[in-house]
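Novice: Before I ask anything, here is the structure I am working with.
The values are calculated or read from the model by the stated rules, or taken from the named source; none is laboratory data. Predicted model only: the values in this text are computed from it and were never measured. Don't worry about glycine lacking a Cβ; one is built from the backbone with ideal geometry, like all the others, and counts go over all protein chains shown.
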Amino acid sequence: MISFVVAVNKSGTWTGGTGWTEVIDQGVDPSLRVAYLVAGASEPSSYTFTFNAVTTFSGVIATFRNAAYDTVGTISTTASGGLQTAPQITLSTSSSAILAFFENTNLAGWTNPTPGLVSTATDSDGNSPSWALYRELNLSSGATGTRSATCSSTGSPRACILVGIKPA
């Protein structure tokens with residue numbers, strides 16, 4: 001399982017999610033945390049993540065069977081208009097997958113993902129933050145190239161990142 005949790009308009013630290021291994025915690029606005037957990041035989045119906053500053057936050061957990069965490073990229077907080085581009089990562093194994101996470105503080109929708117990206121989950125319910133999670137499966141080992149999506153609003157701050165998952 002890979003979790004993406006983002007808080008806007010505050011800097012701070014994430015805690016919680018017993019058993020989760022944190023792979024990145026930006027700590028500055030927008031505060032994006034990415035963590036993974038290898039699921040066991042009995043997992044709870046929900047998980048709790050806590051942010052040490054009062055703010056609005058939202059997140060998603062993506063679950064893959066017979067998979068393991070591989071690598072995480074660098075968080076990008078720059079954009080050109082509504083276009084957000086996540087820096088490439090290097091996958092260690094063929095038949096891997098990537099998750100591409102894009103965030104914007106405005107109440108926005110997401111369009112025009114890089115060809116090959118498939119929408120997995122979104123939060124554009126009228127509350128900030130707005131985000132989209134895409135996946136791309138069956139990739140070869142090596143550099144992935146960048147991935148991008150367009151936000152219907154140019155609000156800020158924004159964050160995007162790629163995470164690699166390999167076969168277990």
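Novice: Looking only at segment 37-93, which residues are in contact with a Gly (Cβ under 9 Å, 6 or more places away or on another chain) and not in a loop (DSSP other than H, G, I, E, B)?
Specialist: Once the filter is applied, which keeps residues that are in contact with a Gly (Cβ under 9 Å, 6 or more places away or on another chain) and not in a loop (DSSP other than H, G, I, E, B), segment 37-93 yields Phe49, Thr50, Phe51, Tyr69, Asp70, Thr71, Val72, Ala86, Thr90, Leu91.
Novice: Quickly run through segment 1-24 and pick out the residues that are at pLDDT below 85 and over 18 Å from Thr105 (Cα atoms).
Specialist: Correct list: Thr13, Trp14, Thr15, Gly16, Gly17, Thr18.
Novice: Can you tell me which residues in segment 8-32 are touching a residue at least 60 places away in the same chain (Cβ under 8 Å) and at negative phi?
Specialist: Those that are touching a residue at least 60 places away in the same chain (Cβ under 8 Å) and at negative phi: Val8, Val23, Ile24, Gln26, Asp29, Pro30, Leu32.
Novice: Now for a different question. Return the only residue of Ser141, Ser124, Ser96, Ser76 being touching a Cys at 6+ places or on another chain (Cβ under 6 Å), of a type in the set (Ser, Thr, Tyr) and either surrounded by 15 or more Cβ atoms within 10 Å (Cβ to Cβ) or at pLDDT below 95 (or both). Before you say what the answer is, go through the steps one by one.
Specialist: Values: Ser141 fails: touching a Cys at 6+ places or on another chain (Cβ under 6 Å); Ser124 fails: touching a Cys at 6+ places or on another chain (Cβ under 6 Å); Ser96 fails: touching a Cys at 6+ places or on another chain (Cβ under 6 Å).
That would be Ser76, the only listed residue that is touching a Cys at 6+ places or on another chain (Cβ under 6 Å), of a type in the set (Ser, Thr, Tyr) and either surrounded by 15 or more Cβ atoms within 10 Å (Cβ to Cβ) or at pLDDT below 95 (or both).
Novice: Please determine whether any residue of segment 150-168 is surrounded by fewer than 17 Cβ atoms within 10 Å (Cβ to Cβ) and at positive phi.
Specialist: no
Novice: So, in segment 1-36, of the ones that are among the hydrophobic types (A, V, I, L, M, F, W, C) and part of a loop (DSSP other than H, G, I, E, B), which residue ends up nearest to Ile75 (Cα to Cα)?
Specialist: Residues of segment 1-36 that are among the hydrophobic types (A, V, I, L, M, F, W, C), as a first pass: 1-2, 4-8, 14, 20, 23-24, 28, 32, 34-35.
Those left that are additionally part of a loop (DSSP other than H, G, I, E, B): 1, 8, 20, 28.
Details: Met1: 19, Val8: 15, Trp20: 20, Val28: 11 Å.
Result: Val28.
Novice: Something else about it: One residue is enough: does segment 52-72 have a residue meeting the conditions charged (D, E, K, R), modelled with pLDDT of 80 or more and crowded, with 16+ Cβ neighbours inside 10 Å? Explain how you work it out, then say what you get.
Specialist: Taking segment 52-72 first, the residues charged (D, E, K, R) are 65, 70.
From what is left, the residues that are modelled with pLDDT of 80 or more are 65, 70.
Right, trim to crowded, with 16+ Cβ neighbours inside 10 Å and you get 70.
The answer is yes; a qualifying residue exists.
Novice: Additional query: Under 6 Å between Cβ atoms, which residue pairs at least 6 apart in sequence (or on different chains) link something in segment 101-119 that is assigned to a loop (DSSP other than H, G, I, E, B) with a partner that is among the aromatic types (Phe, Trp, Tyr) and at pLDDT 95 or above?
Specialist: Close Cβ pairs (under 6 Å, with a partner that is among the aromatic types (Phe, Trp, Tyr) and at pLDDT 95 or above) amount to Pro113/Tyr134; Leu117/Tyr134.
Novice: May I pose another question? Taking the options Ala35, Ala41, name whichever one is free of Cβ contacts under 8 Å to residues at least 60 places away in the same chain, of a type in the set (A, V, I, L, M, F, W, C), on the phi < 0 side of the Ramachandran plot and loosely packed, with under 13 Cβ neighbours inside 10 Å.
Specialist: On the way: Ala35 fails: loosely packed, with under 13 Cβ neighbours inside 10 Å.
Answer to the check: Ala41.
Novice: Anything in segment 44-65 that is closer than 18 Å to Thr120 by Cα and in contact (Cβ under 8 Å) with a residue 40 or more places away in the chain? List them, or say none. If you could, list the steps in order and put the result at the bottom.
Specialist: Applying the first criterion (closer than 18 Å to Thr120 by Cα) to segment 44-65 yields 58-65.
Ser58, Gly59, Val60, Ile61, Ala62, Thr63, Phe64, listed by residue number.
Novice: Does Gly17 satisfy the criteria of being out of contact with any His (no Cβ under 7 Å at 6 or more places or on another chain) and closer than 18 Å to Phe102 by Cα?
Specialist: Against the criterion (out of contact with any His (no Cβ under 7 Å at 6 or more places or on another chain) and closer than 18 Å to Phe102 by Cα), Gly17 does not qualify.
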